[in-house]
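Only one structure is covered here, and it is reproduced in the block below.
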Amino acid sequence: MTTRYLPPRPRPEAPDPMDFGQALSQHGTLAQLGQRLQASQRHLAAISVALPGPMRQFVQAGTLDDNGWTVVAHNAAIATKLRHMQPLLLRLLQEQGMLLNGELRIKVRQS
């Protein structure tokens, strides 16, 4: 008695993997998202000069949209301090040509 085997199946061809930067640059919607992420990081860098040293690690860049930019605080105490500093932070952004017509929103990070 002989065993009959099926012919081997051809392996499906998978596209070459691309890194995140390539994916962002080659797709329209993802490219826009990447640009907004970079702009949000630039906004954070612009205000970080005004933040006290130990406080910087508790502040993150949030979403940047047509209405403004969100700063994310790690807890309510940091958010309160940011709200007190909000006029200064907004002025720093506007001096660098950022957030000219938008608002600066401060949110507490959800745990």
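The values are calculated or read from the model by the stated rules, or taken from the named source; none is laboratory data. No experiment lies behind these values; they were computed from the predicted model shown. FYI the Cβ positions are ideal-geometry reconstructions off the backbone, even for glycines, and counts take in every protein chain you see. These area figures cover heavy atoms from the full protein model, side chains too; ligands, DNA and RNA do not enter into them. Shrake-Rupley method; radii C 1.70, N 1.55, O 1.52, S 1.80 Å.
Just a few scattered comments:
- Meets criteria (part of a helix (DSSP H, G or I), among the β-branched types (Val, Ile, Thr), open to solvent by 100 Å² or more (accessible area, probe 1.4 Å) and farther than 23 Å from Glu95 by Cβ) for Thr29: yes
- Qualifying positions in the stretch 94-104 - under 19 Å from the mean Cα position of the chain (by Cα) and under 13 Å from Ile47 (Cα atoms): Met98, Leu99, Leu104
- Pair list, Cβ < 6 Å and 6+ apart or interchain, from the stretch 64-84 residues that are within 17 Å of His43 (Cα to Cα) to residues that are open to solvent by 70 Å² or more (accessible area, probe 1.4 Å) and β-branched (Val, Ile, Thr): Thr70/Thr63
- In summary, Gly97 fulfils each of the numbered conditions (1) without any contact (Cβ under 8 Å) to a residue 12 or more places away in the chain; (2) part of a helix (DSSP H, G or I); (3) not hydrophobic (A, V, I, L, M, F, W, C) with the single exception of condition (2).
- Taken as a whole, the stretch 54-65 holds at least one residue that is charged (D, E, K, R), surrounded by 10 or more Cβ atoms within 10 Å (Cβ to Cβ), farther than 17 Å from Arg109 by Cβ and out of contact with any strand residue (DSSP E or B) (no Cβ under 7 Å at 6 or more places or on another chain).
To keep it simple, each residue is scored yes or no on (1) under 22 Å from the mean Cα position of the chain (by Cα); (2) hydrophobic (A, V, I, L, M, F, W, C); (3) in a helix (DSSP H, G or I).
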residue	(1), (2), (3)
Leu6	no, yes, no
Pro17	no, no, no
Ala23	yes, yes, yes
Gly34	yes, no, yes
Leu51	yes, yes, no
Met55	yes, yes, yes
Trp69	yes, yes, no
Ala77	no, yes, yes
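- Lone qualifier among Arg109, Arg83, Arg91 - being within 16 Å of the chain's Cα centre (by Cα) and open to solvent by 30 Å² or more (accessible area, probe 1.4 Å): Arg109
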